[in-house]
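A.B. asks: Right, I'll just put the structure down here and ask away after.
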Amino acid sequence: MIRKFFTILAAVSAIFSAPALANGNIALESEIFVERITKTAGKPAVVLERPTSLIPGDRLVFVVSYKNTSPTPATDVVITNPIPAAVRFQETLDGSEQVSVDGGKNWARLEDLRIALDDGRFRPASPADVTHIRWVILEDITNGDEGKLTFRGVVK
């Protein structure tokens, strides 16, 4: 059990030692939080904490912050983030993402993707199939403009 915990924590942490990728002059910072339920004044409250330990079933929140550090506007920005192998993708907060279920070769909305079965048939892709997530930001991002992209996952 302890070995599995360290393997999960290492796998999830490793994804953030190699940050998300973006084109142009966009600086990125990636953070991960574990969602915990605590009691405040006797009522349940959701808190986000930096993970010190993770176990299967823990709910994670990934935050990718971006900022244009260039004097020129960044156009057609694409920010791509792999999903750690130890995490099952769940959702984004705004639904504007595209996902890949084949290591980043093909992209679409999750509901539009299919998985090939051994018998030649196809099944709808599910969140558990997602290997990468990306956002395409069509608006110009001018100098100093910044934003945050968030997605959720569950430790496998």
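The values are calculated or read from the model by the stated rules, or taken from the named source; none is laboratory data. Note that the coordinates shown come from a computational prediction; the quantities given were computed from them, not determined experimentally. For neighbour counting, all protein chains shown are included, and Cβ atoms are generated from backbone atoms with ideal geometry for every residue, glycine included. Side chains are part of the model used for accessible areas, which takes the heavy atoms of the whole protein and leaves out ligands, DNA and RNA. Shrake-Rupley method; radii C 1.70, N 1.55, O 1.52, S 1.80 Å.
A.B. asks: What nm value, rounded to one decimal, do you get for the distance between Glu31 and Thr150 when each label is placed 7 Å out toward the C-beta?
C.D. replies: Between Glu31 and Thr150, the simple spin-label model gives 1.1 nm.
A.B. asks: Right, something else. Keeping all protein chains in position, work out how much accessible area Glu29 exposes to a 1.4 Å probe, and write it in Å² to the nearest 10.
C.D. replies: Rounded to the nearest 10, the figure is 100 Å².
A.B. asks: What ranking, highest mean first, results for peptides 94-102, 47-55 when packing means the other Cβ atoms within 10 Å averaged over each residue?
C.D. replies: The peptides rank, most packed first, as 94-102, 47-55.
A.B. asks: Moving on. Which of the lysines could a cross-linker bridge to Lys156, judged by Cα under 17 Å and excluding same-chain residues fewer than eight apart?
C.D. replies: The reachable lysines, counting only those whose Cα sits under 17 Å from Lys156, are Lys4.
A.B. asks: Related question: Quick one: net charge around Thr75, please, counting Lys, Arg +1 and Asp, Glu -1 for every other residue with C-beta under 10 Å from its C-beta.
C.D. replies: Summing Lys/Arg as +1 and Asp/Glu as -1 gives -3.
A.B. asks: If a paramagnetic tag sat 7 Å from the Cα of Arg109 along the Cα-Cβ line, which residues of segment 65-99 would have the backbone N under 17 Å from that point?
C.D. replies: 91-99
A.B. asks: Now for a separate question. Label-point separation (nm) for Ala116 and Lys43, each offset 7 Å from Cα along Cα-to-Cβ?
C.D. replies: Taking the simple label geometry, Ala116 and Lys43 are separated by 5.3 nm.
A.B. asks: Based on the alpha-carbon gyration tensor of segment 23-155 and its eigenvalue square roots a ≥ b ≥ c, which shape applies: rounded if a/c is under 1.5, prolate if not and a/b is larger than b/c, or oblate? Intermediate results must be reported in sequence, preceding the final value.
C.D. replies: Values: a/c = 2.29, a/b = 1.02, b/c = 2.24.
Cα axes put segment 23-155 in the oblate bin.
A.B. asks: Quick check: net charge around Arg36, other residues with Cβ under 10 Å of its Cβ, Lys/Arg +1 and Asp/Glu -1? The partial results should precede the final answer.
C.D. replies: On the way: positive: Arg59; negative: Glu35, Glu49, Asp58.
It works out to a net charge of -2.
A.B. asks: When only Cα pairs under 8 Å and 6 or more residues apart are kept, what is the percent relative contact order across segment 23-155?
C.D. replies: 34 percent
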